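Engineer: I'd like to ask you about the structure that follows.
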Amino acid sequence: MADVARRAGVSSQTVSRVSNGHRGVVDSTREQVLAAMRELGYRPNSAARALRSGRFRTIGVILFSLSTTGNVRTLDAIATSAAAEGYAITVIPVEAPTQDGVNGAFTRMGELAVDAVILLMEVHLIDAASISLPTDVPVVVADSDAGDRYPVVDTDQAAGTRTAVQHLLGLGHRTVVHLAGPPESFSAQRREDAWRQTLAEAGREIPPVHRGDWSAASGYEAGREIARTDATAVFAANDQMALGLLRALAEAGRKVPQDVSVVGFDDLPDAVAYLPPLTTVHQDFAEVGRRCVTGVLRQMADHTTPHGRTLVPTRLVERASTAAP
């Protein structure tokens, strides 16, 4: 740093401010310092910086699965939001959703030197009363029901589901069949509960639940069963299962939306290219990721351990897959 300061003709403090991304440096001086860094091959020593400041500028992300679209998109949003704040992320997948698995992940996070942890675990493990997390590190939990013990950030699953079901009922459908996600999923349970409650409040028949595992293949298999019923409207718990459902209905000669209306959940970028383009509930994954990152950074700054749930709103995106029966 002293070498860079001499080459650029500035103080070491100015080099430090440029190195740490502080804005209080005029552009011409910043460019002088950056040019000196390039000439000398200078790179900030993150280990030395961490020893001096007590911060590693790294956020750990513990998650159970990278196979679901929701987890991948939320992780991408967390990484983007962390980078905007000058932080990197370290990802630790958990092989099994158990207390030992979570404890092991936190141990590895400690070895990897992180400042805070975001838990992205949509399975019911984190809802169990027996789960306990370390108290010496800032934690935010995404997609869970642990708001009475930890700060939780989640999409408003119930409101999104209600909007989807009410949309179909408003078109004139007598009831709505549900293609649900896996039973161990917190999100799937929220959406199924809200579907059931919305139909009950409307005084409508509650059909048997058809279940998949979030994949298009499982949506196709469930869709073959649905195609054999007299269903005129289906709410699928995610867009990928809705895609498989559309194929199954087409193979059975059931036209969408003339014979069956279909609504999904997620609003994947490809949903507009489905045949027909899919009506779906939009999840703001970018906002979920941003609030997770700001949540742990606020804890680090305030030295607080808050709790409670922050719900990110959803909205219905109407396309060509729904119509009056």
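Engineer: Mind listing which GluC sites (Glu not before Pro) in segment 190-291 are in a DSSP loop and have 10 or fewer other Cβ atoms within 10 Å?
Structural biologist: Filter output for segment 190-291: Glu205.
Engineer: While we're looking at this one, here's another question. Count neighbours as other Cβ atoms within 10 Å of each site's Cβ, and list the trypsin sites (Lys or Arg not before Pro) in segment 213-260 that are DSSP loop with at most 13 such neighbours.
Structural biologist: Of the trypsin sites (Lys or Arg not before Pro), the ones in loops of segment 213-260 whose Cβ has at most 13 other Cβ atoms within 10 Å are Arg228, Lys255.
Engineer: Right, next: May I ask for the Rg/Rh ratio of the chain, computed from Cα atoms with Rh as the Kirkwood radius, given to two decimals? Write out the running numbers ahead of the final one.
Structural biologist: Numbers: Rg = 24.3 Å, Rh = 22.0 Å.
Across the chain, the Cα-based Rg/Rh ratio is 1.11.
Engineer: Among Leu278, Val114, Phe56, which residue has its Cα positioned farthest towards the positive end of the charge dipole of the chain, with +1 placed on the Cβ of Lys and Arg, -1 on the Cβ of Asp and Glu, and the dipole taken about the Cα centre?
Structural biologist: Positive-end residue among those listed: Phe56.
Engineer: While we're here: Can you sort Ile89, Ile78 by 1.4 Å-probe accessible area, starting with the largest?
Structural biologist: Ile89, Ile78
Engineer: Hey, another quick one. For segment 223-325, what is the charge dipole size about the Cα centre, in debye to the nearest 20, if Lys and Arg each add +1 at the Cβ and Asp and Glu each add -1 at the Cβ? Intermediate results must be reported in sequence, preceding the final value.
Structural biologist: Details: 11 positive and 12 negative charges, 19 e Å.
In total the dipole reaches around 100 debye.
Engineer: Go through Val234, Ala35, Pro269 and say which Cα lies farthest out towards the positive end of the charge dipole of the chain; charges sit on Cβ, +1 for Lys and Arg, -1 for Asp and Glu.
Structural biologist: It is Ala35.
Engineer: FRET efficiency for Leu34 and Glu111, Cβ-Cβ distance as r, R0 = 41 Å, nearest 0.05?
Structural biologist: So, using R0 = 41 Å, E works out to roughly 0.75.
Engineer: With +1 on each Lys and Arg Cβ and -1 on each Asp and Glu Cβ, how big is the dipole of segment 165-278 about its Cα centre, in debye rounded to the nearest 20? If you can, show how the numbers build up before the last one.
Structural biologist: Values: 11 positive and 15 negative charges, 62 e Å.
For this selection, approximately 300 debye.
Engineer: If you line up the long axis of helix 27-40 against the longest principal axis of the chain, both from Cα atoms, how many degrees apart are they, to the nearest 10?
Structural biologist: It is inclined by approximately 80 degrees.
Engineer: Note down the magnitude of the dipole of the chain about its Cα centre, charges +1 on Lys and Arg C-beta and -1 on Asp and Glu C-beta and zero elsewhere, to the nearest 20 debye.
Structural biologist: 1000 debye
Engineer: How high is the relative contact order of the chain, given as a whole-number percent (alpha carbon pairs under 8 Å, six or more residues apart)?
Structural biologist: Computed over the chain, the figure is 17 percent.
Engineer: Putting +1 on Lys and Arg Cβ atoms and -1 on Asp and Glu Cβ atoms, find which of Val91, Leu311, Ala202 reaches farthest to the positive end of the dipole of the chain.
Structural biologist: So the residue furthest toward the plus end is Val91.
Engineer: Then there is this: Project the alpha carbons of segment 215-325 onto their principal axes and report the range along each, largest first, in whole Å.
Structural biologist: Taking the Cα atoms of segment 215-325, the three principal extents are 60, 24, 21 Å.
Engineer: For the chain, what is the mean residue ellipticity at 222 nm derived from helices alone (per DSSP H run of n ≥ 4: -39500 (n - 2.57); sum divided by total residues; nearest 500 deg cm²/dmol)?
Structural biologist: -13500 deg cm²/dmol
The values are calculated or read from the model by the stated rules, or taken from the named source; none is laboratory data. Computed from a predicted model, the values in this text were never measured in an experiment. Note that we place each Cβ from the backbone using ideal geometry, even for glycine, and neighbour counts take in every protein chain shown. Just the protein is used for accessible areas: all its heavy atoms, side chains included, with ligands, DNA and RNA removed. Shrake-Rupley method; radii C 1.70, N 1.55, O 1.52, S 1.80 Å.
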